[in-house]
């Protein structure tokens, strides 16, 4: 089963076209509508190939789905603080773009996945598997998403994103603490 989770309306349009042309079953997960447009130009869209949204050398943020808008805003805030984030829209979770993950592991010392999904069995798990089998060492990896537990919380998407650290502020703070962890690890090592 091919799993596609576009990051904005432009990707959604391209994903529908690609799914129609794709041989085999596709699962297409869409937001509820009115998501902001991230891509100012139509990107090249290919099932199984991530779209690089921003360049950076300090950290790689790999996002799937419409939380991409928060990821881009977080990357912009991080840049204002001297942290340059590379951002990928991983619109296809299965098959995962192995080459994008491997290049991220070689280009930056920190990789963080961001998804509005259970952290088990989603984007974070797929990226972790690629990294674990790659032999690349020294990469600090963190998954941001929904923990595998029953939620008793109810609220708007914005409220839940804040609660699960998927808000702009939550992403920024996670990146900063993860980079600090990497720095501490290098000092101790």
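General observations
- Some residue of the range 107-119 being surrounded by fewer than 22 Cβ atoms within 10 Å (Cβ to Cβ), under 12 Å from the mean Cα position of the chain (by Cα) and within 23 Å of residue 143 (Cα to Cα): yes
- Residues in the range 151-168 that are touching a strand residue (DSSP E or B) at 6+ places or on another chain (Cβ under 8 Å) and at pLDDT 85 or above: 166 alone.
- Every listed requirement among (1) crowded, with 17+ Cβ neighbours inside 10 Å; (2) in contact with a helix residue (DSSP H, G or I) (Cβ under 8 Å, 6 or more places away or on another chain); (3) in contact (Cβ under 8 Å) with a residue 60 or more places away in the chain; (4) in a loop (DSSP other than H, G, I, E, B) is met by residue 35 save one, (3).
- Restricting the search to helices (runs of 4 or more DSSP H) fully inside the range 52-141 and requiring at least 1 residues that are within 17 Å of residue 180 (Cα to Cα) and in contact (Cβ under 8 Å) with a residue 40 or more places away in the chain gives 68-80.
- Residue in the range 16-25 that is surrounded by 13 or more Cβ atoms within 10 Å (Cβ to Cβ), under 19 Å from the mean Cα position of the chain (by Cα) and not in a loop (DSSP other than H, G, I, E, B) present: no
The values are calculated or read from the model by the stated rules, or taken from the named source; none is laboratory data. Because the structure is predicted, anything quoted here is derived from the model rather than measured. FYI the Cβ positions are ideal-geometry reconstructions off the backbone, even for glycines, and counts take in every protein chain you see.
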